[in-house]
Amino acid sequence: MSEVIVITSGKGGVGKTTTSANIGTGLAILGKRTVLIDTDIGLRNLDVVMGLENRIVYNLVDVVEGNCRMKQALIRDKRYPNLYLLPSAQTRDKTAVSPEQMKKLVDDLRDEFDYILLDCPAGIERGFQNAIAGADRALVVTTPEVSAIRDADRIIGLLEAADMGMIDLIVNRIRMDMVRRGDMMSMEDVMDILAVNVIGVVPDDESIVISTNQGEPLVGMGSLAGQAFLNICRRIMGEQVPFLSLDVQPKLITRLSRILRKA
Amino acid sequence: MVWHVFQGITRNHSGSLAKKRLKVVLVTDKVDCSPELIDRMKDDMIRAISKYMTIDREGIEIRIVNGRPQTALYAAFPILDIPNKGIC
């Protein structure tokens, strides 16, 4: 049975596309036939984060308008045999597609894939409405900042109003050193404020920047962020996975220098 | 550990400030209700409850809590005495 998941956030720049790329890749690594759809028409980015930008021939709007068949537009990721990308159009805008057309497009993919992931654009307008139209469940990405959390709350309200089956939260870019000294909201704080289930916490990790530069998702690799993403994939598949301990204790020397700086 | 306690005493944490500010802003985003309105409502509730019970006015706590699926109003009135227990 296939599941259609929209990855959304309201606010831009919190890591939706990176999250989509890593979760899509992770599900493929775990043996699930997965397709990633970039629904950000006019601001295409998932292709470049995935490192597949040179292989685009047709795009989502071409499929909707009947300029090509679905099979022609899907890019198979050669690194992961189960993974496909349907890129967005760069020279059109959000009005090129309607929510009904998106729903049909997604439903046409259900027979072929276990997971259909929709990378949603920022905002709450047409692009958002298009992306959520065919989805069974939603992953809301936020960071532990006031602006991102406020927007996440609004998005969760809109998803509930649209009768979204399941809504889970991903807290991205958490810095445990800052949480520990009380200068960043913790996962518990965010959960308390938004009152939704947290499906994963991803640490702020410089390896993410490096992996994006290289166009290679880091899910499943050695870094903490890579492990966190793979754990999220397992939880999406219904496994019970305990939360990672992100609490790497600072070295004694760092602590000492901090104390000295205070004094 | 001692260091954390020491830090806790010496400075305000911006994390908890962020949480407090967010709780207020999310409620006002949703219900669009001003602090003045809450105050007026509180006065009305005190008047109503005082007819039946003696309450501690200093200890009253009124909160609007952002929840799913509903946002709810919580009010706590510490009871000092119930003068006419038989009738109550």
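The values are calculated or read from the model by the stated rules, or taken from the named source; none is laboratory data. Given the structure is predicted, the values throughout are model-derived calculations rather than measurements. All Cβ positions, glycine included, derive from the backbone under ideal geometry; neighbour counts span all protein chains shown. Only protein heavy atoms, including side chains, enter the accessible area calculation; ligands, DNA and RNA are left aside. Shrake-Rupley method; radii C 1.70, N 1.55, O 1.52, S 1.80 Å.
Contact map, segment B:17-36: first residue within 11 Å of another protein chain (Cβ to nearest Cβ), second residue part of a helix (DSSP H, G or I), Cβ cut-off under 6 Å, separation 6 or more or different chains; pairs are B:Ala18/A:Val146; B:Lys19/A:Asp189; B:Leu22/A:Val146; B:Leu22/A:Ile149; B:Leu22/A:Ile193; B:Leu26/A:Asp153. For A:Val196, indicate whether it is of a type in the set (Val, Ile, Thr), more than 14 Å from chain B (Cβ to nearest Cβ) and touching a residue at least 12 places away in the same chain (Cβ under 8 Å). Considered against the rule, which asks whether it is of a type in the set (Val, Ile, Thr), more than 14 Å from chain B (Cβ to nearest Cβ) and touching a residue at least 12 places away in the same chain (Cβ under 8 Å), A:Val196 comes out as no.
Among the residues of segment A:164-191, the ones that are more than 24 Å from A:Gly226 (Cβ to Cβ) and either at pLDDT 95 or above or in contact with a helix residue (DSSP H, G or I) (Cβ under 8 Å, 6 or more places away or on another chain) (or both) come to 7 in all.
One residue stands out among those in segment A:90-121 that are farther than 15 Å from A:Ala138 by Cβ and within 19 Å of the chain's Cα centre (by Cα): the one that is most open to solvent (accessible area, probe 1.4 Å), which is A:Asp114. Only one of the listed residues (A:Ile7, A:Ile37) is within 18 Å of A:Ser211 (Cβ to Cβ) and either in a strand (DSSP E or B) or at pLDDT below 95 (or both). That residue is A:Ile7.
Within segment A:191-211, the set of residues being out of contact with any Pro (no Cβ under 7 Å at 6 or more places or on another chain) and of a type outside the set (A, V, I, L, M, F, W, C) comprises A:Asp192, A:Asn197, A:Gly200, A:Pro203, A:Asp204, A:Asp205, A:Glu206, A:Ser207. Would you confirm, using the coordinates I've provided, whether A:Ala131 is among the hydrophobic types (A, V, I, L, M, F, W, C), on the phi < 0 side of the Ramachandran plot, part of a loop (DSSP other than H, G, I, E, B) and within 17 Å of the chain's Cα centre (by Cα)? So A:Ala131 does not fit the description; no.
Residues in segment A:73-85 that are farther than 14 Å from A:Glu53 by Cβ, in a strand (DSSP E or B) and open to solvent by less than 10 Å² (accessible area, probe 1.4 Å): A:Leu83 only. The residues on offer are A:Leu139, A:Leu169, and the sole one that is outside any helix (DSSP H, G or I), free of Cβ contacts under 8 Å to residues at least 60 places away in the same chain and touching a strand residue (DSSP E or B) at 6+ places or on another chain (Cβ under 8 Å) is A:Leu169.
Among the candidates A:Met176, A:Met221, the residue that is away from chain B (no Cβ under 14 Å) and surrounded by fewer than 21 Cβ atoms within 10 Å (Cβ to Cβ) is uniquely A:Met221.
Checking the structure you have, find out if any residue of segment A:184-196 is outside any helix (DSSP H, G or I) and open to solvent by 70 Å² or more (accessible area, probe 1.4 Å). The answer is no, given that none of the residues of segment A:184-196 is outside any helix (DSSP H, G or I) and open to solvent by 70 Å² or more (accessible area, probe 1.4 Å). One residue stands out in segment A:52-72 among those that are part of a helix (DSSP H, G or I) and among the polar types (S, T, N, Q): the one that is surrounded by the most Cβ atoms within 10 Å (Cβ to Cβ), namely A:Gln72.
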